[in-house]
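This report refers to the structure that appears directly beneath it.
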Amino acid sequence: MNIDILGLEAFLAIAQHGRFHKAARALHITQTALTRRLQNFEEGLGVALVERTTRSVALTRLGTAFLPQARRLVAELTAALVEMQETGRAQRGDVVIACVPTVGVQYLPRIIQEYAELHPGNRIEILDHSSSGVTEAILRREAEFGINIAGPRHPELVSEPLLEDRFVLICREDHALARRRRVAWRQLAAHPLVFVGTASGNRSLLDAALTGPRPGLRARYEVQRSSTAVGLVAAGVAPAIVPQLAVQTGAHPSLRVVSLVDPVVSRTLVLVSRKGAELSPAARALFDLVRGRR
């Protein structure tokens with residue numbers, strides 16, 4: 001059956017005010033229109049809800065029993081509509097995004113903090129994956145959008161560049177290279193290093209930029225996440241090559257960041273979403289904040 005919202009509204013107004021003319025005035029309609037709405041509502045239900053005499057208006061037994069349910073229905077509908085309206089204004093909602101782990105170290109936290117101040121009722125879930133994992137999460141609709149390392153174009157995804165992130169050398173302050181402002185890649189040949197493993201999207205990028213699989217570099221330790229490399233360096237195991245965003249300012253006072261040159265190697269971070277996807281209002285608000293940081 002069709003839900004007669006106008007009839008339900010008329011019934012509740014009559015029950016509240018006890019007079020047709022008062023109920024009509026409260027709904028800003030004529031008394032004739034109110035009577036017609038109630039009649040249509042009763043006919044649709046097949047029962048009488050209101051007893052009308054020349055002097056009084058009273059609910060029937062069925063009307064009295066139905067009144068609490070009617071009020072509850074309207075309250076629930078009103079709450080649902082308010083929630084939907086607030087969601088449409090990006091005031092409420094859950095957002096799931098995917099990103100490569102280093103994005104969550106320095107770049108994303110400031111944006112998340114700004115978003116939380118604008119939309120304090122929203123919940124954000126961050127899926128920190130490898131670059132291939134970010135792509136899969138977006139394609140499987142586990143995340144509405146993501147921040148990834150630029151790579152081959154996928155026919156179902158669209159991307160736009162956000163920033164360039166240079167690869168740097170990090171070493172502890174007591175290392176021989178710690179006082180250097182910049183170091184050429186060839187000068188690293190004499191030092192054992194922590195290097196990115198094959199499961200990371202950074203590996204193929206570095207191999208291509210250095211013309212082959214790390215010529216002359218002594219990759220004694222391999223890791224899949226830059227956070228692990230930072231921990232090894234802080235413990236004095238060996239220097240590491242990581243994206244600059246992986247080094248959180250002030251987190252490890254004993255670490256030094258040295259620029260790598262000849263060549264300068266960087267990766268492009270991109271904002272990725274499904275082609276033709278309609279982001280939820282809450283996700284669109286976060287997406288636009290990220291895009292605004294380009």
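The values are calculated or read from the model by the stated rules, or taken from the named source; none is laboratory data. Being a predicted model, the structure only gives us computed values, none of them experimental. Because the Cβ atoms are built from the backbone with ideal geometry, glycine has one as well, and the counts that use them run over all protein chains shown.
Quick notes on this one:
- Some residue of region 170-182 being under 24 Å from Gly151 (Cβ atoms) and over 38 Å from the mean Cα position of the chain (by Cα): no
- Within region 199-236, restricting attention to residues that are hydroxyl-bearing (Ser, Thr, Tyr) and touching a helix residue (DSSP H, G or I) at 6+ places or on another chain (Cβ under 8 Å), the residue that is modelled with the highest pLDDT is Tyr221.
- Residue in region 203-225 that is touching a strand residue (DSSP E or B) at 6+ places or on another chain (Cβ under 7 Å) and without any contact (Cβ under 8 Å) to a residue 12 or more places away in the chain present: yes
- Residue in region 194-217 that is more than 38 Å from the chain's Cα centre (by Cα) and either of a type in the set (Gly, Ala, Ser) or closer than 23 Å to Ser254 by Cα (or both) present: yes
- Selected residue (criterion: surrounded by the most Cβ atoms within 10 Å (Cβ to Cβ)) from residues of region 126-168 that are within 29 Å of Ala234 (Cα to Cα) and out of contact with any Ser or Thr (no Cβ under 8 Å at 6 or more places or on another chain): Val134
- Count of residues meeting criterion [assigned to a loop (DSSP other than H, G, I, E, B) and within 17 Å of Asp288 (Cα to Cα)] in region 121-150: 3
- Just one of (1) over 24 Å from Gln106 (Cα atoms); (2) without any contact (Cβ under 8 Å) to a residue 60 or more places away in the chain fails for Pro263. It is (2).
- Among the criteria (1) out of contact with any Ser or Thr (no Cβ under 9 Å at 6 or more places or on another chain); (2) in the same structural domain as Gln248 (by TED's automatic domain parsing), the one Arg172 does not fulfil is (1).
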